[in-house]
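Below you'll find the structure, written out as structure tokens, and then a few comments.
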Amino acid sequence: MIKTDIIIIGAGPVGLFAIFEAGLMKLRCHLIDAIPQPGGQLAEIYPKKPIYDIPGYPSVLAGELVDKLMEQAAPFKPGFTLGERADSIEKQEDGTFIVTTSKGTQHHAPVVMIAGGLGSFEPRKPLIINIADFEDKGVRYIVKDPDQFEGKDMVISGGGDSALDWAIYFAEKGSFVHLVHRSDRFRAHKDSVARAYELAANGKMQLHTFGEVKELEGNDELESVVIHTKEEKTTVKTDLWFPLFGLSPKLGPIGNWGLEIEKNAIVVDTFDYQTNLPGVFAIGDVNTYPGKLKLILCGFHEATLAVQASYKIINPDKKFTLKYTTVQGVQGFENEQPKETVTP
Ligand SMILES: Cc1cc2nc3c(=O)[nH]c(=O)nc-3n(C[C@H](O)[C@H](O)[C@H](O)COP(=O)(O)OP(=O)(O)OC[C@H]3O[C@@H](n4cnc5c(N)ncnc54)[C@H](O)[C@@H]3O)c2cc1C
């Protein structure tokens, strides 16, 4: 049994920042994440994209921000259970919780903080009968490591920001890109759409509007895709197709924990980001409330207030006085014995 002060479900940016805020209040955290590395969407979907709206960073690569959050949390010696999904929560008679993962690892704490973001990552997959045969053999739903595809010719499907951003990125890096969209109206930012048309005019991209990839061909690996438009079918030789239709949010098992859910998100009180289950908080993309914005910055604020409220649950008899970090500095747990105990 892993014992800690706060069990954080989700090691995305918001869960990681909660470690730091909790550490300032001498609270220890243990994080559970279904994917094998910390960073959430930043690590899984867009590690090489620059983010421009983190205060103090005019521009920071998503992967770099994850590294910095890990560095900031390090003095507080967080524990991690990675590659395991939090499957169940049980409230104990004394009000504490046990969270058990898909691999049976048990975690015990007085407070649970759900920072599960979009939940498990479920890309929206096109309905093509043999698509599963080519997954990771030419068909990729996420552009994770763009360096390996630079200069390669490819087909990208989709009309949103992700499809347009990557089509432009690769065309500018020397790839020839077929961009396929089922309409001639794109949801992406208008500057991106204008840039895509410019690249097409310069012969670096071909736009297939009112088109859909409907057939995949190849033996072991993808060899070509067939694009259907109203008038014709075009076979494009390619070993790379990115259907970028976004991620469909799936709360997964958390959806069955008795939490109040609205549109796939957990309803919280903005006083302290507590859910309808006392002692269980929800922060970051996973929660909802009037005016909610799914931004990293907003998740950081939510984490800070939720940790303050957690302190009162964990230390009901103590009063906490907020001190600026400029005054108290950052005193980590380096010289303390770890409080977490792990019993196999
Ligand atoms: C392409 C793209 C660009 C973006 N650009 C920006 C931007 O410029 N600025 C900005 O502020 N935001 C941006 N965002 C949004 C930003 O990434 C999210 O707001 C942020 O990731 C939310 O952080 P989080 O920690 O709440 O959740 P996430 O990053 O989603 O992390 C949640 C983690 O929880 C884990 N998890 C979920 N359920 C379980 C479970 N049951 N058990 C174990 N683990 C679980 C998941 O595996 C995941 O790792 C962008 C998003 C995308 C997709």
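Pairing the Cα long axis of helix 190-201 with the longest principal axis of the chain, what angle in degrees results, from 0 to 90 and rounded to the nearest 10?
Between the helix axis and the principal axis of the chain, the angle is about 30 degrees.
Relative to the Cα centre, what is the charge dipole magnitude of the stretch 24-124, using +1 at the beta carbon of each Lys and Arg, -1 at the beta carbon of each Asp and Glu, and rounding to the nearest 20 debye? Could the numbers behind the result be given before it?
Working: 10 positive and 12 negative charges, 37 e Å.
Result for the stretch 24-124 is approximately 180 debye, rounded to the nearest 20.
With a 10 Å radius around each residue's Cβ, average the other Cβ atoms per peptide and rank 44-52, 127-135, 169-177, highest first. Mind showing how you got there, number by number?
Details: 44-52: 16.4, 127-135: 13.4, 169-177: 19.1.
Sorting 44-52, 127-135, 169-177 by mean packing, highest first, produces 169-177, 44-52, 127-135.
Using the number of other C-beta atoms within 10 angstrom as an exposure proxy, rank MET70, MET1 with the fewest first.
Numbers: MET70 15, MET1 12.
Ranked by crowding around the Cβ, least crowded first: MET1, MET70.
Between the stretch 1-75 and the stretch 154-177, how many Å separate their Cα centres?
Here the answer is 29 Å between Cα centres.
Could you sort 301-314, 99-112 so that the peptide with the highest average Cβ count within 10 Å comes first and the rest follow in order? Could you put the intermediate results ahead of the total?
Numbers: 301-314: 20.8, 99-112: 19.1.
Going from most to least packed, we get 301-314, 99-112.
Calculate the spin-label point distance for THR326 paired with VAL267, positioning each point 7 Å from the Cα along the beta-carbon direction, and give it in nanometres.
My value for the distance between the label points is 4.1 nm.
Report Rg (one decimal) and Dmax (nearest whole number) for the chain, counting Cα atoms only, units Å.
Rg and Dmax of the chain, Cα atoms, are 22.8, 74 Å.
Assuming a ≥ b ≥ c are the square roots of the Cα gyration tensor eigenvalues, decide whether the stretch 131-243 counts as rounded (a/c under 1.5), prolate (otherwise, with a/b larger than b/c) or oblate. Working shown, then result.
Values: a/c = 1.68, a/b = 1.23, b/c = 1.37.
It is oblate, given that a/c is not under 1.5 and a/b is not larger than b/c.
Which value, in nm² and rounded to one decimal, describes the direction-averaged projected area of the C-alpha convex hull of the stretch 5-138?
Numbers: hull surface 41.9 nm².
One quarter of the hull surface, i.e. the mean projection, equals 10.5 nm².
Determine the dipole magnitude for the chain: charges of +1 sit on the beta-carbon of Lys and Arg, -1 on that of Asp and Glu, nothing else is charged, the reference point is the Cα centre, and the result goes in debye to the nearest 20. Kindly include the intermediate steps, with their values, before the conclusion.
Working: 36 positive and 46 negative charges, 138 e Å.
Using Cβ point charges on Lys, Arg, Asp and Glu, the chain gives about 660 debye.
If you line up the long axis of helix 296-314 against the longest principal axis of the chain, both from Cα atoms, how many degrees apart are they, to the nearest 10?
Around 20 degrees separate the two axes.
Values quoted throughout were computed directly from the atomic coordinates according to the rules given, and no laboratory measurement underlies them. Note that the structure is predicted; figures quoted are calculated from it, not measured. All Cβ positions, even for glycine, are placed from backbone atoms using ideal geometry, and neighbour counts span all protein chains on display.
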